[in-house]
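Below: the structure, in structure tokens.
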Amino acid sequence: MSNLLKGNFTTKKEVKKPEENTEKDSTQQAFKKAALNSIGGSMVYVERTDLTWDGEE
Amino acid sequence: MAKILFINPVVREEDVPRHIPYGIALLAAIAMKKGHLVQVYDANAHRLPLETIVEVCQADDWDAVCIGGLTTTYNYIKKACKLIKQAAPKAQLIAGGGFLTSMPTEIFKWLPEIDVGCIGESFETFPAVLEKIDNKDFDYSTVLGVIHRDLTGKSFLTPVRPNIHDLDTLPWPAWELFPLDIYFANSANLFSEESFTSKRRMDINGSFGCGLTCKYCWHLGTTGDMLIEENEEGENDVVFTYGRNIRYHSPDYIVSMVKHLYDTYDIDFAAFIDENLMTMDVASKGTWLKELCAKWIEAGLQPTCRQKGIPHDENCKGVHWNGTSHAGLHRPDTLKLMYEAGCTHLVYGLESFDPYILRNLGKGSNARKNKQSIATCLASGIKPIPNIIIGFPEETFESVRNTINALIELGITAKPHFATAYPGSEWYYAYKDSILAQYNGDLEAYIMDLGDASKITATISQKFSPVQLLGLQQIVYLKELRLLDLSEQHWAPVQQHLSPVVEPKTSFNLRPVKEAGPLAIKVG
Ligand code: B12
Ligand code: SF4
């Protein structure tokens with residue numbers, strides 16, 4: 001367990017980072033991320049090969 | 001010396017943490033340089049339950065707890081402030097950053113727990129506040145650039161603090177106080193092949209400000225864009241202007257910082273968070289970026305793939321980078337040098353391809369330049385990342401058609417953002433009354449609703465309601481001109497009989513004048 005605080009001195013009390021919740025959590029997290037990614041947000045993609053126009057009008 | 005705790009609030013909760021907060025990291029470095037005892041709790045990186053704040057606040061006898069971020073961190077900050085005041089009642093609670101500077105008086109009303117706030121640039125204001133705290137003197141009325149309270153809780157703004165003159169006097173950010181492993185694990189992003197394979201990306205900042213005046217944008221009150229003046233009630237308030245103190249770091253400062261990051265943390269990617277690299281380059285008469293690229297290569301930071309002219313792969317050494325560009329201000333010869341030095345992609349806020357919308361936007365670009373920019377950038381080898389918005393105040397079926405036609409012509413697929421009036425921006429002040437009307441008069445509810453503009457909050461489009469904007473977003477994404485034509489046939493006749501959905505107003509808090517806020521006199 002690592003200290004949650006980072007600084008230039010030692011604090012009176014240490015604040016421990018809780019252990020990561022093993023596999024179950026990470027699958028859940030991965031699923032949530034994948035699901036959210038597939039639903040939304042703004043996105044943009046430039047298809048390089050699609051570009052036939054050379055920039056001059 | 002004061003014992004201070006920084007809390008970095010959670011931002012963009014739906015995504016993994018990707019950015020070490022540059023402002024907080026700089027302020028932490030400045031505080032340490034002044035001899036203060038500093039700790040950082042990076043709540044955004046750790047994503048632990050909110051209550052962890054209590055434990056953190058009880059870890060020591062803090063003289064000050066400091067919190068701040070952009071407007072969308074407000075939800076977190078509001079909850080955090082309550083817990084901080086309960087768990088560390090003796091500590092002064094200091095706030096700063098965009099969420100506060102854009103609307104200091106409202107924030108001080110909504111968050112009574114905050115004792116003092118730094119308004120705008122805080123490189124000198126923050127240590128001045130710490131010095132007061134160190135002396136147990138909590139009368140902040142003599143400190144420039146703050147908002148503070150009297151014993152009744154009423155808030156006051158002190159006069160604006162001049163921007164610092166020479167950015168190179170700033171220390172490097174205190175990266176070592178942040179959980180870098182978490183950020184490195186989220187280095188990859190989908191903007192270019194090189195950024196997609198990045199394993200150790202870090203943000204860097206080369207400049208402050210942007211000479212342009214896009215109506216949706218805001219410059220944080222840190223770039224000469226802010227004055228403090230008496231309002232109609234005779235009380236000091238923020239006034240945002242078109243004034244700018246354009247300042248950039250010397251290429252030597254930037255390159256030695258990146259070299260340090262490369263040698264110390266083995267970074268493979270540096271992301272410039274500058275508002276707009278090209279306006280800085282113009283301010284330097286086209287010398288800044290060229291010099292930066294030459295020094296980047298000279299310092300051995302040029303990626304192997306660019307040095308040898310071979311495709312990028314996992315064995316590539318050196319530091320790739322990205323930044324922000326501008327359709328009317330980029331120059332092919334500079335872009336070419338940037339590519340050689342390792343630049344992979346540049347974000348272009350094209351926003352629209354409609355001539356009328358672009359003329360009103362304050363971006364200094366037009367449809368022709370916007371179209372041409374994609375080809376010019378691609379020709380250099382750098383990948384352009386265009387940003388598109390719909391729901392402009394002036395949006396019409398015709399303007400959407402112009403945008404779709406250009407997207408088709410250029411081979412761009414974009415799911416547009418919705419035009420959103422973030423506090424501080426010109427849009428916010430022009431449409432504040434309409435925004436309030438859309439939130440039943442509850443401004444705080446609007447602030448709490450703001451996210452990343454991929455959903456509709458308050459509309460500022462004069463012709464379209466949320467229902468239509470949602471449909472138009474999908475139509476732009478699919479580039480479906482047939483559906484656009486059908487929608488127009490159905491709606492355009494009705495629209496003629498409707499009064500505008502929203503109307504702009506003038507506001508005390510916005511003055512479209514070019515005169516910049518104060519800049520400190522050069523010393524030495
Ligand atoms: C990196 C960045 C992000 C990161 C977040 C980084 C982070 N951890 O906070 C990400 C990518 C998540 C992000 C997202 C968005 N961002 Co952003 N982002 C930036 C960017 C490019 C750099 C910020 C930065 O580090 N600046 C440099 C440092 C030195 O400045 P600073 O943080 O403001 O700090 C100074 C002061 O403000 C103050 N300060 C800051 N914090 C604190 C704390 C304390 C205690 C004190 C005393 C002082 C203080 O002191 C510092 C020194 O002067 C800025 C533009 C820019 N170049 O500044 C936009 C900017 C902050 N973003 C903005 C916006 C609008 C957004 C989005 C809404 C965009 C969108 N449409 O999607 C989203 C929000 C998404 C969400 N759901 O929350 C606006 C802010 C508007 C506002 N009212 O707050 C900005 C200003 C862009 C612009 N020009 O309009 N962003
Ligand atoms: S060009 Fe970019 S940084 Fe400059 S005002 Fe417009 S949106 Fe803001």
At 4 °C in a medium of viscosity 1.567 mPa s, the protein assembly as shown has a Stokes-Einstein diffusion coefficient, with Rh taken as the Kirkwood radius over alpha carbon pairs, in µm² per second, of 52 µm²/s
Could you give the size of the charge dipole of chain B about its Cα centre, using +1 on the Cβ of each K and R and -1 on the Cβ of each D and E, expressed in debye and rounded to the nearest 20?
1060 debye
When the convex hull of the Cα atoms of segment B:1-98 is projected onto a plane and the area is averaged over all directions, what value comes out in nm²?
5.7 nm²
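What whole-number value in cubic angstrom gives the convex hull volume per residue for the C-alpha atoms of chain B? Mind dumping the intermediate values first?
On the way: hull volume 79.6 nm³, N = 524.
Normalising the Cα hull of chain B by residue number yields 152 Å³.
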Can you give the log10 of the normalised intensity I(q)/I(0) at q = 0.10, 0.17, 0.19 Å⁻¹, computed with Debye over equal Cα scatterers of segment B:109-224?
-0.49, -1.05, -1.12
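Ratio of alpha-carbon Rg to the 2.2 N^0.38 Å globular estimate for segment B:326-421, to two decimals, please.
For segment B:326-421, the normalised Cα radius of gyration is 1.08.
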Once accessible area is computed for A alone, B alone and the pair with a 1.4 Å probe, the total buried surface, to the nearest 100 Å², works out to 3500 Å²
Semi-axes of the equivalent ellipsoid for segment B:206-250, Cα gyration tensor, largest first, Å
24, 12, 7
As a check on your grasp of the helix formula, calculate [θ] at 222 nm for chain B: sum -39500 (n - 2.57) over DSSP H runs of n ≥ 4, divide by the residue count, round to the nearest 500.
-10500 deg cm²/dmol
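How much of the accessible area of chain B, probe 1.4 Å, is carbon plus sulfur, in whole percent? Write down the numbers at each step before the final one.
Numbers: 11390 of 20740 Å².
Here carbon and sulfur together make up 55 percent of the probe-accessible area.
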Say a paramagnetic label sat at a point 7 Å from the Cα of B:Asp252, along Cα to Cβ; which residues of segment B:156-186 have their backbone N under 20 Å from it?
B:165-173
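For segment B:3-168, what is the Kirkwood estimate of the hydrodynamic radius, computed as the reciprocal of the mean inverse distance between distinct Cα atoms, to one decimal in Å? Don't skip to the answer; put the middle values down first.
Numbers: mean 1/r = 0.0630 Å⁻¹.
It is 15.9 Å.
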Rounded to whole Hz, the Karplus (6.51, -1.76, 1.60) HN-Hα couplings of segment B:484-498, x for glycine and proline:
5, 4, 4, 5, 5, 4, 6, 9, 3, x, 5, 3, 4, 9, 9
Of B:Lys369/B:Lys432; B:Lys78/B:Lys455; B:Lys432/B:Lys479; B:Lys369/B:Lys415, which pairs sit farther than 25 Å apart, going by alpha carbon to alpha carbon?
B:Lys369/B:Lys432; B:Lys432/B:Lys479
For a distance above 17 Å, tell me the whole-number percent of Cα pairs in segment B:258-383 that qualify.
58 percent
Largest first and in whole Å, what are the equivalent-ellipsoid semi-axes of segment B:171-299 based on the Cα gyration tensor, each being the root of 5 times an eigenvalue?
32, 19, 14
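Considering only DSSP beta bridges with both partners in the protein assembly as shown, what is the antiparallel share in %, to the nearest 5? Don't skip to the end; give the middle numbers.
Details: 21 of 61 bridges.
Antiparallel bridges make up about 35 percent of those DSSP assigns within the protein assembly as shown.
Set the Förster distance to 25 Å, then compute FRET efficiency between B:Thr197 and B:Glu176 from the Cβ-Cβ distance, nearest 0.05.
Details: r = 26 Å, r/R0 = 1.03.
Given R0 = 25 Å and the Cβ-Cβ separation, E is 0.45.
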What order, most packed first, do the peptides B:392-404, B:488-500, B:66-78, B:133-145 have when packing is the mean number of other Cβ atoms within 10 Å of each residue?
B:66-78, B:392-404, B:133-145, B:488-500
What whole number of Å gives the distance from the Cα centroid of segment B:211-290 to the Cα centroid of segment B:188-202?
24 Å
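Where does each of B:356-369, B:212-225 land if you order them by average Cβ count within 10 Å, highest first?
Numbers: B:356-369: 19.1, B:212-225: 22.6.
Descending packing order for the listed peptides: B:212-225, B:356-369.
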Under a straight-distance cross-link criterion of Cα-Cα below 26 Å, which lysines are reachable from A:Lys12, leaving out those fewer than 8 residues away in the same chain?
B:Lys3, B:Lys33, B:Lys34, B:Lys79, B:Lys82, B:Lys85, B:Lys90, B:Lys132, B:Lys136
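The values are calculated or read from the model by the stated rules, or taken from the named source; none is laboratory data. Note that the structure is predicted; figures quoted are calculated from it, not measured. Note that each Cβ is placed from the backbone with ideal geometry, even for glycine, and that neighbours are counted across all protein chains shown. Side chains are part of the model used for accessible areas, which takes the heavy atoms of the whole protein and leaves out ligands, DNA and RNA. Shrake-Rupley method; radii C 1.70, N 1.55, O 1.52, S 1.80 Å.
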